[in-house]
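Visitor: I'd like to ask you about the structure that follows.
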Amino acid sequence: QVQLVESGGGLVQAGGSLRLSCAASRISFSISAMGWYRQAPGKQRELVASISSGGSTNYADSVKGRFTISRNNAKMTVYLQMNSLKSEDTAVYYCQATLWQSTYWGQGTQVTVSS
């Protein structure tokens, strides 16, 4: 059973920073594409950032220049560094792994940005 465990969420003031981590297990992490999604109350889940097995990254326009996704294959962990946080970044953040035709999700971690 693939496991993705997110951590690092919390309450932060606008303009502050947080770093989310997602530790993976029971998956060929180095060849998996990884992504961070978020879902705010009453809204659909949306892609925040993704990173391919080769390290190519993609960001939602709303977070470009503020968020950075990275991965450490030796630690089987993907990170999301979030800077200059805004109230509209408040959401549950989910880690996703994609390997071949299968997609896996973590349980989510809450990020709340107070203005």
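Visitor: How large is ³J(HN,Hα) for each residue in the range 81-90, as worked out from phi by the Karplus curve 6.51 cos²θ - 1.76 cosθ + 1.60 (θ = phi - 60°), to whole Hz, x for Gly and Pro?
Guide: 8, 10, 10, 6, 5, 10, 4, 6, 7, 4
Visitor: How large, in percent, is the carbon and sulfur part of the accessible surface of the chain at a probe radius of 1.4 Å?
Guide: 46 percent
Visitor: Another question about this same structure. Could you tell me which of Val63, Ala33, Ser87 has its Cα farthest along the dipole of the range 13-115 towards the positive end, charges placed at Cβ (Lys, Arg +1; Asp, Glu -1), taken about the Cα centre?
Guide: Ala33
Visitor: List the residues, sorted by chain then number, that are 5 or more residues from Phe67 or on another chain and whose placed amide H is less than 5 Å from its amide H.
Guide: Asn83
The values are calculated or read from the model by the stated rules, or taken from the named source; none is laboratory data. The model shown is predicted, which means the values in this text are computed figures rather than measured ones. Note: ideal-geometry Cβ built from the backbone for every residue, glycine included; neighbour counts use all protein chains shown. For accessibility, only protein heavy atoms count, side chains too; no ligands or nucleic acids. Shrake-Rupley method; radii C 1.70, N 1.55, O 1.52, S 1.80 Å.
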